[in-house]
Amino acid sequence: MQMTTIGLQVYYEYTTSQPQKIRVYGLGLVGLYEAVPFILNSFYSGHLADTFSRKKIILYSLFFLLIGSLFLTFFSAGAFSFLSSFGYYPLLFTVALFGIVRAFIGAAVNPFISTIIPRALYVNATTWNTTVFHFASVAGPVVAGLIYGSGKIHATEFIYALNALFFLFAFIFFLRSEEHTSELQSRGLISYA
């Protein structure tokens, strides 16, 4: 939902007076500003996820995603008027930070599942996790487009606040999760520095 909203916001709110080529260029920058930091950080994010506590990496990542969503909410509401002279570049800066954070959370979440799910339930849990992820990957942009296209004045703020709420829920759920690493550590499969 969030990346779709940023793209819609750049295209329909920040580049409306620009020629079509510039509007499409601004939309392409959104994807580029997320992909490049993600790719560059993915080279060592897996190593960090294998070296340090995956739960801590996930919690820090969710915290930064939450802060980023709150920033987008208040930025879209006009709370940071001193940034208005920069156009949509604060959005792109936030997208770049999301790309960095997603490299780390992506490397930590899937292996973390194996530490909280018993081995007998792992295949079923992974199936459900993948199904929900793919459903959300399709439904999230659709819902964001419908909300944004509804024509409501504060649609972007609502979508960003909803994302912040989802990140807060995820943060709480991961904070309350318990790792079952004693068996894995005893077999030498994981070690935290």
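Structure summary
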{"quantity": "Ile57 vs. criteria surrounded by fewer than 17 Cβ atoms within 10 Å (Cβ to Cβ), of a type in the set (A, V, I, L, M) and free of Cβ contacts under 8 Å to residues at least 60 places away in the same chain", "calculated": "no"}
{"quantity": "Count - residues of segment 34-54 that are in contact (Cβ under 8 Å) with a residue 40 or more places away in the chain, within 16 Å of Ile100 (Cα to Cα), of a type outside the set (A, V, I, L, M, F, W, C) and open to solvent by 80 Å² or more (accessible area, probe 1.4 Å)", "calculated": "0"}
{"quantity": "Residue ID - most open to solvent (accessible area, probe 1.4 Å), chosen from residues in segment 121-146 that are of a type in the set (A, V, I, L, M, F, W, C) and under 16 Å from Tyr11 (Cα atoms)", "calculated": "Leu146"}
{"quantity": "Restricting segment 10-31 to residues that are at pLDDT 85 or above and within 28 Å of Phe171 (Cβ to Cβ), the residue that is surrounded by the most Cβ atoms within 10 Å (Cβ to Cβ)", "calculated": "Val30"}
{"quantity": "Ile6 vs. criteria at negative phi, open to solvent by 20 Å² or more (accessible area, probe 1.4 Å) and either touching a Gly at 6+ places or on another chain (Cβ under 7 Å) or touching a residue at least 24 places away in the same chain (Cβ under 8 Å) (or both)", "calculated": "no"}
{"quantity": "Filter result for Ile147 (modelled with pLDDT of 75 or more and of a type in the set (A, V, I, L, M))", "calculated": "yes"}
{"quantity": "Hits in segment 140-168 (condition: hydroxyl-bearing (Ser, Thr, Tyr) and part of a loop (DSSP other than H, G, I, E, B))", "calculated": "Ser150"}
{"quantity": "Test: residue in segment 93-102 that is over 26 Å from His134 (Cβ atoms) and in contact with a Phe, Trp or Tyr (Cβ under 7 Å, 6 or more places away or on another chain)", "calculated": "no"}
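The values are calculated or read from the model by the stated rules, or taken from the named source; none is laboratory data. Quick caveat, the model's predicted, so the values are computed rather than measured. Virtual Cβ from ideal backbone geometry, glycine too; neighbours counted across all protein chains shown. Heavy atoms of the whole protein, side chains included, go into the accessibility calculation; ligands, DNA and RNA do not. Shrake-Rupley method; radii C 1.70, N 1.55, O 1.52, S 1.80 Å.
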